[in-house]
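Enquirer: Dropping a structure here in C-alpha cells format, bear with me for questions.
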Protein chains: 2
Amino acid sequence: MQGNMMDVPLTVPFILERARTTYAGREVVSLLVAGRDEAGQPIAHRHSTTYGAVADRALRLGAGLLGLGLQPGDRVATLAVNSFRHLEAYLGVPSAGLVLHTVNIRLHPEQIAWILNHAEDRVLLIENVFGAMIPAIKAACPKLEHILVLGPTPAPIPLPGVADYDAFVMGQEPLARYPQIAETDAAAMCYTSGTTGNPKGVLYTHRSTVLHSLVSAPKDGLNVGEADTVMPIVPMFHVNAWGLPYTCAMYGAKQVFGGVFSDGRTLAGLLQNEGVTITAGVPTIWMGLLAELDRAKAEGEAYDLHALERLIVGGSAAPESLLRAFWNNHGLTMLHAWGMTETHPLGTASSVPAGVDANSDEGFALRAKQGRAVPLVWLDLLSEEGEKLPHDGKTMGRLIARGPWIANSYFKGEGQSNFFELDGNLWFDTGDIATLDARGYMHIQDRSKDLIKSGGEWISSVDLENAIMAHPAVAQCAVIAMEDPKWDERPLAVVVPRPGQSVSHEEIIAFISPKFAKFWLPDATITAESIPIGATGKFLKREMREQYKDFKPGS
Amino acid sequence: MQGNMMDVPLTVPFILERARTTYAGREVVSLLVAGRDEAGQPIAHRHSTTYGAVADRALRLGAGLLGLGLQPGDRVATLAVNSFRHLEAYLGVPSAGLVLHTVNIRLHPEQIAWILNHAEDRVLLIENVFGAMIPAIKAACPKLEHILVLGPTPAPIPLPGVADYDAFVMGQEPLARYPQIAETDAAAMCYTSGTTGNPKGVLYTHRSTVLHSLVSAPKDGLNVGEADTVMPIVPMFHVNAWGLPYTCAMYGAKQVFGGVFSDGRTLAGLLQNEGVTITAGVPTIWMGLLAELDRAKAEGEAYDLHALERLIVGGSAAPESLLRAFWNNHGLTMLHAWGMTETHPLGTASSVPAGVDANSDEGFALRAKQGRAVPLVWLDLLSEEGEKLPHDGKTMGRLIARGPWIANSYFKGEGQSNFFELDGNLWFDTGDIATLDARGYMHIQDRSKDLIKSGGEWISSVDLENAIMAHPAVAQCAVIAMEDPKWDERPLAVVVPRPGQSVSHEEIIAFISPKFAKFWLPDATITAESIPIGATGKFLKREMREQYKDFKPGS
C-alpha cells in the first residue's frame, strides 16, 4: 500500500536554495594567488565571501551555461583548485540540470585530454594557474566548445571559445527557475584514478548527492553543523572533496579553501586563523602538518588550534602512530573515513563505540581501522571462491559494498566485472582486502592487487607499512611483493628514513616482530630517497614492483 | 541523463538490521509495572535489554504476523506505552511489509474504536494495563482478528483471538528474509488529533521514515549518536515519538522508556540514573519536571544531570520563561522542535546561528521561536487571499509546508482541502499562523482557528499566553477569543494561579503591556482552577470558547 507522503525529489537545487536563504550570511573563505614573490612562489591573498553571494553567482553560472545551448545532462568539466568559484560550479552546474565533471589536475595532460574527450565535456572551467594548458587542451579536445578561466588573468584572452569566468558569470541574470530534475538524474561525475587500465567515469545522481550530505552530517559521521568551520584539504577535484562542499552548504558550515596552497605552514595558519573545527585530507597532508606543528611547538611558537575538533583522514590508511602523535603532541583527534570514487565516497566513518575512550589503547586500535559503515551502506567480505566470510575481525576477504550512493556501473558501461549479483542484490567489488568485526569495524588490509600471497597465506602490505612507519627513524614506508621461487611472493620493505637518520633491516625486523607472525616479516629492506606517489596521493606500487623486480634479498 | 548509482530503496529493514548488527550490544531500558502499592499506584521495575534482543524479537513478531495471514500493507495497531515491546513493533511490523498503526491511548474508547475500524486494523497490540478495554474493543471492532497483550497478564487470557504477546513472539522463528518493499510503501500510520471533525489518518512511507531519521540526527537537528542516551517522553503513540525510536535505532543511541510513569520525580530519576543526554516532550511534561528539579534543589537534594545536553520541547510552544528557568536554575538547555502528524513530525528544529550565544538574550529570543526548517523541508507564508507574504519576522501568515516527509493526502482521500498547488508544486496547509524571518526562523503565532481577529488585525493567543506565563504568580494561561460587537473578537485571558497565589487582571496587564501594542492586551482575565487539555496535551480552546461564550468583561 502506498503511503501519503509528498513525492519531493532529492536534488541539488535544494542545497543551493538552503545556502542562498537560511545561510546567506555565512562566510566562505578562499586563499587566492595575489602574485608571485621573487622566487616565483605564489603569494596568498585571503578572499572572503558569503553563501548568499556564492549562491547568486551559482545561479548566474547555471543560466549562462544554459544560454550557451547546453542540454540537460551535458557535462561541464572543471580543472580547478579549492575555492569559492569551484563551489559555485558545485552548486550551479547540477542545479541547471547539467553534470559537474571535476577533473584531477595532477594527471598528465594527455590523461586529462583523454578524460575530457571520454566524458564528452562541452565546457571547461579552468583555474588561471593552469592557463598554459589551454592551447594543448583545445587542440586535443575538439568537442570542448567553451573554456572559462577562473580567477584574474594577466592579459586579455585571445583564443576563440575562451572567456573570463567572472565576466561570464556577472554578465548573466540568475536562473529564474530550476529545471525539472528527477532524483536519479546525474548531478556530478568523477573518474577513477585508473592505476590499472583506463580511468572509468562514475555519475553521481542528485539523490545520491543529497543522501550523502544527510548521512555525512551526524556526529558519528563527519559532525558538520552551522557552527562549524570546515576546511576540506582533500581537493575538490577528488571525489567531490568527500562531499564536504555539499554537506557544508546544506548545513551552513563556514568553508575554508586553501587554493593552490597545501604546505604545512599555510595549512596550520588557516586552521588557527579561521577557527577551523573540522578538516579532511590524505595521510601525506597530515604528515606535513604534523611536522609543522612539531616544529612550531619545539620553537616555542605553537599554533592555537583549540577550535579544531577533528582531522578526518582518508584516501589511504593512516598509521596508528600518526593518530597517536597528533593526540600526544597536540591534543588533536584524527578520525578515519573510507571510501572510493565508486562510493561517492563515504562508505565508513570512524567513531568509537559507547563506553570506549577514544584515546585509550582500545580507542586508538579501533580508530586505526577505517570505521563502521555509515547508515544505508552495507559491507561484506567474500572469499576468492565468492563465499561470504565471517565478520570476526581476523578473516581477510574481498570487501564488497552496497548502498544508495554506491555505483551500479561505470559511464558507457565499462568495467562491468566490478559489479555482480549476490543473494538477489547488486554489489560493488571494491578491490580492497579487508576484515570486518562483529561490531562492524572495517579494517583495510590491502588493495587486492597489492596483497602479498606467500605460501597460500595473505600478508597485508598496509599493516606492515603502518607498523614500520611507527619506527622513529622512518619517514615513509611501502611494502611490496617480490617474486619468490618457494613461496610465490615475499614482502619487501622500501623505507625512506627521516632526514639525517638511517635504519637497518635488522632494526626494522626487531621493531615490528612482536606484532606479526614470523612469515609476515619482510625478507629485506631497501632504503630509498622517496616513494613514487600517484595523482591521488597513493603509493604507485605497480611501478615499485617493476622497479625492484630484479632485487634479490642479500644482494 | 541517468546516473550510475545503485537503486537501493530506503526502507525500515535497514534500521532493524543496523540495530541487530552494529549496535547489537547497546542497551534499551524500560520501566515496567512490577505491581501495585497499597494506594493502588504502579511500582516501577527497571527492565534492561539490548538492540540485538529487540531486533531478534522484532523479526519473530514480523514472522508471526505474516503467519496469521496478514498481507502486505495490512495495518497492525498498538495501544501501548513507551517500552522495548513497542520498539519491537516499530521495527518488526514495517519490516514484515505491514503498517504500524500507533493509536493514542488517551482518546475516549469510542474514538479508539472508531479509529481502529477506520484504519481496518487486523491485529492490535495492547498494553496489559489497558486490558479492561479488550471486551469493548472486540465488540466494537468486528474486523479486528487478533489481540496480543503486551506484558505479564495476571491470569490466563480466556477470550478468543486474544493472546499473550511474549508467548506469541517467542513461539516464532525470526523472519528469514525481508519481503520486497518499495520505498513509497506505507510503513506506519498515525491519526491526527482531530480537535475539529473526525481524526484523519496519515500513512508514512519507508522512504519518509528513513529520511526523517537521517535528518533528525545532525547537531542542528536533534543531535543523536551512538554515545547518546535518549529518553523520548513524548509517547510512542504520538507521531512516532517524533521519530526518535527509529533515529536512535539507526544511530545506536541507548533508549530509555518510561512506560506508564510520567511524574516529575520518576522522570528526573531516570534522567539522572540512566545518564540521559537527550530527552523530548511537551511543555506540560517539562513544567512538571522543572517543579521537581526546583523542589529537589531547594531541599538540598539536587539531581545530578550533568550528562543531559538538551531537552527538546514540541507539541506546543514553550514560553521563553520556561527556557530561561531551566537554564538559570539548572544549567539545562531546552530547544524547540515543531511539527505535526502530517509532517512526520520534524518540520523545524531550534538552533542558534553561528556567532550567537544560545544563552544570551538574543539566543533565548531565537530559541523561543520554533526554529528553522530542517533540510529538505520548505516553509512559506500565505495571506488569507493566498498570496505569498514576506519573511520579515513580523508579518503573520498561514504556514504552508512541503517536503519528502510531509503528507500529500490523508488515508482514504479525506480532508483534501488541506493540500493545494502553488507554483506547480503541492503544499500542505498546516493550519498554523506563523512568522518567518530572513534567516528562516519560524515562530508559531497561533492555530488559525485560535487566532483572535480584532478590528481586521490578528492577535496571537500564543504570544499573549507565553508573556502571561512569565508572571511569577501564574501557573498556566490560555488566551481565547470572545465575541465583541465592535471589534468582532477580543482576547480573554484564562489564568490558573500558582498554588496559594492570586493575580488580578490589572497586574497581568501591567506585567505584559511593555511587550505588546495596546490593542493586543486582553480585555479581561478570568481565574480558573484548571485549563482543559486534550489527548495530545494541548489546550482545548474550542471547549473554552464554548465555556466562556457568555462571559462579558466587567461582569
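Bear in mind these aren't lab numbers, they're just calculated from the coordinates by the rules spelled out. Note that the structure is predicted; figures quoted are calculated from it, not measured. Note: ideal-geometry Cβ built from the backbone for every residue, glycine included; neighbour counts use all protein chains shown.
Enquirer: Please report, for the Cα atoms of the protein assembly as shown, the Rg to one decimal and the Dmax as a whole number; what are they, in angstrom?
Expert: Calculated on Cα positions, Rg and Dmax stand at 31.2, 111 Å.
Enquirer: Let me ask something else. Straight distance only, please: which lysines reach the Cα of A:Lys412 with their own Cα at less than 21 Å, same-chain residues fewer than 8 apart left out?
Expert: A:Lys143, A:Lys200
Enquirer: Which lysines does A:Lys297 reach when only Cα atoms under 28 Å apart count, and residues fewer than 8 places away in its own chain are ignored?
Expert: Correct list for A:Lys297: A:Lys254.
Enquirer: On to the next question. Using a 7 Å offset from the Cα along the Cα-to-Cβ direction at both A:Ala473 and B:Ala517, what is the distance between the two label points in nm, to one decimal?
Expert: Computed distance between label sites A:Ala473 and B:Ala517 equals 8.3 nm.
Enquirer: When DSSP beta bridges are limited to those with both residues in the protein assembly as shown, what percentage is antiparallel, rounded to the nearest 5?
Expert: DSSP beta bridges in the protein assembly as shown are roughly 60 percent antiparallel.
Enquirer: Another question, if that's okay. Give, in nm to one decimal, the length gained when the segment between B:Lys552 and B:Lys394 is fully stretched (0.36 nm per residue of separation minus the Cα-Cα distance). Each step should come with its number before you reach the end.
Expert: Details: separation 158, 0.36 × 158 = 56.88 nm, distance 3.12 nm.
Stretched fully, the B:Lys552-B:Lys394 segment lengthens by 53.8 nm.
Enquirer: Taking the 0 to 90 degree range and rounding to the nearest ten, how far is the long axis of helix B:320-330 tilted relative to the main principal axis of chain B, both from C-alpha atoms?
Expert: Between the helix axis and the principal axis of chain B, the angle is about 70 degrees.
Enquirer: Let me ask something else about it. Taking Cα pairs under 8 Å and at least six residues apart, what relative contact order does chain B come out at, in percent?
Expert: Numbers: 1179 pairs, mean separation 55.2, N = 555.
Contact order relative to length: 10 percent.
Enquirer: Treating the point 7 Å from Cα along Cα-beta-carbon as the label, what are the nm separations from B:Ala307 to the other copies, to one decimal?
Expert: 3.2
Enquirer: Modelled label-to-label distance, A:Glu387 and B:Ala39, 7 Å Cα→beta-carbon offset: nm?
Expert: Rounded to a tenth, the inter-label distance reads 6.5 nm.
Enquirer: Assuming R0 = 35 Å, can you tell me the calculated FRET efficiency for the pair B:Asp166 and A:Gln416, based on Cβ-Cβ distance, to the nearest 0.05?
Expert: That gives a FRET efficiency of 0.10.
Enquirer: Against the longest alpha carbon principal axis of chain B, how many degrees, from 0 to 90 and to the nearest 10, is the axis of helix B:206-216 turned?
Expert: The angle comes out at about 50 degrees.
Enquirer: Okay, next question. Between copies, how far does the label point of B:Phe551 sit from its twins, in nm, shortest first, when each point is 7 Å from Cα along Cα→Cβ?
Expert: Between copies, matching label points for B:Phe551 lie 9.0 nm apart.
Enquirer: Here's something else I'd like to know. Rounded, prolate or oblate, given the Cα gyration tensor of the stretch A:455-510, with a/c below 1.5 counting as rounded?
Expert: prolate
Enquirer: Let me ask you something else. Helix-only estimate, please: 222 nm mean residue ellipticity of the protein assembly as shown, summing -39500 (n - 2.57) across DSSP H runs of length 4 or more and dividing by its residues, to the nearest 500. Intermediate values should be presented prior to the final figure.
Expert: On the way: 32 runs with 306 residues, N = 1110.
Per the formula, -8000 deg cm²/dmol.
Enquirer: Determine the shape class of the stretch A:452-547: with a ≥ b ≥ c the square roots of the Cα gyration tensor eigenvalues, call it rounded for a/c under 1.5, and otherwise prolate if a/b is greater than b/c, oblate otherwise.
Expert: Oblate is the answer for the stretch A:452-547, as a/c is 1.5 or above yet b/c matches or exceeds a/b.
Enquirer: Once Rh for chain B is found with the Kirkwood sum over Cα pairs, what is the Stokes-Einstein diffusion coefficient at 37 °C and 0.692 mPa s, in µm²/s?
Expert: D, rounded to a whole number, is 134 µm²/s.
Enquirer: Could you list A:Arg26, A:Arg295, B:Arg177 so that the one with the fewest beta carbons within 10 Å of its beta carbon is first and the one with the most is last?
Expert: B:Arg177, A:Arg295, A:Arg26
Enquirer: Identify all aspartates and glutamates with a Cα-Cα distance to A:Lys369 below 15 Å; exclude those on the same chain that are fewer than 8 residues away in sequence.
Expert: Filter leaves A:Asp220, A:Glu320, A:Asp361, A:Asp392, A:Asp432, A:Asp437, A:Asp446, A:Asp463, A:Glu465.
Enquirer: If R0 is 22 Å, what FRET efficiency do you get for A:Trp487 and A:Ala510 from their C-beta distance, rounded to 0.05? Before the final figure, lay out the partial values.
Expert: Working: r = 22 Å, r/R0 = 1.01.
Calculated transfer efficiency: 0.50.
Enquirer: Which FRET efficiency, nearest 0.05, do A:Glu457 and A:Asp357 yield, Cβ-Cβ r, R0 41 Å?
Expert: Values: r = 34 Å, r/R0 = 0.84.
About 0.75, to the nearest 0.05.
Enquirer: Let me ask another. In nm, one decimal, shortest first: how far is the label point of A:Ser513 (7 Å from Cα along Cα to beta carbon) from the matching points in the other copies?
Expert: Relative to the other copies, A:Ser513 has label-point distances of 9.3 nm.
Enquirer: Something else now. What number of lysine-lysine pairs in the stretch B:452-547 show an alpha-carbon separation below 22 angstrom, given a sequence spacing of 8 or more or placement on distinct chains?
Expert: For the stretch B:452-547, the number of qualifying lysine pairs is 6.
Enquirer: For the pair A:Lys449 and A:Glu529, how long in nm is the line joining their label points, each one 7 Å along Cα→Cβ?
Expert: Distance between label points: 2.8 nm.
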